Amino acid sequence: MLKTAIIGAGKIFDSHLKAIAQLDRLKAVAVADVQGEKAQEAGRRYGLHSYTDYRVMLEKEKPDLVIVALPHWLHKEAAIDCARAGAHMLIEKPMALTVGECDEMIGAARQHRVQLMVGLTQHYIRENRVAKQIVKQGDLGKLVMINDTRHQLYNVESRPEWFFHKAQAGGGILTNLGAHSIDKIQWLLDSPIRKVKAHLSYHVGRGDIEGSGALFLETENHIPATVVQSGYEGVPVNETQLIFTKGMLRLATGKSLWISDQGRYREVEMPEAQDPFKLQLMELIDVIDGVRPLESSGEYAKSINAVLEGIYRSSETGTEIEIFKTMTR
Ligand SMILES: NC(=O)c1ccc[n+]([C@@H]2O[C@H](COP(=O)([O-])OP(=O)(O)OC[C@H]3O[C@@H](n4cnc5c(N)ncnc54)[C@H](O)[C@@H]3O)[C@@H](O)[C@H]2O)c1
C-alpha cells in the first residue's frame, strides 16, 4: 500500500481523489493547502489529515507518493521538497515555468532516487489512444499534417486569479490548454516538435497573459501541424484533424473519433471509457514496481516546456524558433 498525499485542494483535487479511491495499491492519507478552510473541507470529505504547510505534511506523514496540484510557479519547489522527502510524485501539467526549472526537478528526483511523473492526461483518454493506434497501423497512408483547434472562453469568474499572471502561470491559454495540444501532437506522432512560428494576441483585459495564438509547428519527422486557440468569446471547439494521403481522422478528445469513409466521416467504435486520472496513476504504480518504463516522464514533459518557450519567443521576435533537443527517451 502506497501512502499518498496531495498538495493543493483546488479544482483538480477531486479528480485525483476519485482516481485514488479506485486503486487498491494507493491510500490517500493527507492533503495540504495554504487556504486552511479548503484543506480542512477536503480532508473532511475524504477522511484525510489536513495541513496548511505541505512541508509539515511531508515531515509528519512520510508519504510514499505525493500528487502536486499547485499553481504552475510552485511546481518546481514542491517537486524538489518531495524528492528530498523521498516521495515519488505526480506533478500536474505543465511541469514547471521553464526548461531550466524542469531540469532542476529531474535532477532532484534522480538524486533522491524517486519517480517523477507529469500528469499528461491526453495519453490516457480513449479517443486519443484509438487515434494513436490508427496512426501506427498506417492504414490511412502517410500522415501529411495535423490541425488542432481549441476555443474556450478563458476569462471566466471561476478561474483563479493566478492563471492570469505570467509570473505565476507561465502564460495564458497556450500554456494551460496549449500544453495539452503540444503533448497530443508529439505523442500521437511519437516525434518531438522541432520548429515553431507563433503569433499571439493580448486582449484578455485581466492580468498580462495572451488570449489567443496561431502556431505553425514542425515535428522531428517533418510533419507540419497548426494549432489555433482562442480564449475570447465565441463557440467552444476542441478538435484535432489528422490528414493522411488515403483518408482523414477527426478527433474530439473525450467525446468521439471519426474516420473518413468514402467521402464522409464515420464514427469509430470505442472501447469502454476508463478514468484517465486512474490510468495515469496505474502507470506510476507500475513504474514504482519496476514493471514498465515511465512514459509521461520529466524528460518528456520538459519537451513541452521547450516548445512553450519557443512559442513566446517566436511571437516576441516574429521569427521561427528551432527547439533544441530535450527529449532523451
Ligand atoms: N490534467 C488536467 O486536465 C488538468 C485540469 C485542471 C488543472 N490542471 C492543473 O492542475 C494544477 C492545479 O490547477 P487547479 O485548477 O486545481 O488550480 P487551483 O487554483 O484551483 O488550485 C490550486 C490550489 O493550490 C493551493 N495553494 C497555493 N499555494 C500553495 C502552497 N504553497 N501550498 C499548498 N497549497 C497551495 C491554492 O490555495 C489552491 O487551492 C495546475 O498545474 C493545472 O494546470 C490539470
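Here, each number is a calculation from the coordinates, and none is a lab measurement. Everything quoted here is computed from the prediction, not taken from an experiment. Glycine also receives a Cβ, built like all others from the backbone with ideal geometry; neighbour counts cover every protein chain displayed.
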**Q.** E269 paired with A21, simple spin-label distance in nm, labels 7 Å along Cα-to-beta-carbon
**A.** 3.3 nm
Q | Along each principal axis, Cα extent of region 52-186, largest first, Å | A | 55, 37, 26
Q: Between K136 and D289, with labels modelled 7 Å along Cα→Cβ, what's the label distance in nm to one decimal, could you check?
A: 2.1 nm
Q. Nearest 20 debye, what's the magnitude of the dipole of the chain about its Cα centre given +1 on Lys and Arg Cβ and -1 on Asp and Glu Cβ?
A. 460 debye
Q: Have a look at the DSSP beta bridges in the chain and tell me what percent are antiparallel, nearest 5.
A: 60 percent
Q: Return the distance in nm (one decimal) between the two label points of a simple spin-label model at R113 and E322, each offset 7 Å from Cα along Cα→Cβ.
A: 4.0 nm
Q | Greater than 32 Å apart at Cα, pairs in K38/K278; K38/K166; K62/K255; K27/K76 | A | K62/K255
Q) If you project the alpha carbons of region 221-269 onto their three principal axes, what span does each projection cover, largest first, in Å? A) 36, 29, 18
Q. Extension gain K62-R84, at 0.36 nm per residue separation less the Cα-Cα distance, in nm?
A. 6.8 nm
Q. Given charges of +1 on the Cβ of Lys and Arg and -1 on the Cβ of Asp and Glu, with all other atoms neutral, how large is the dipole of region 27-93 about its Cα centre, in debye to the nearest 20?
A. 140 debye
Q. Which entries of K246/K302; K93/K136; K142/K184 show an alpha-carbon separation above 23 angstrom in the structure shown?
A. K246/K302; K93/K136
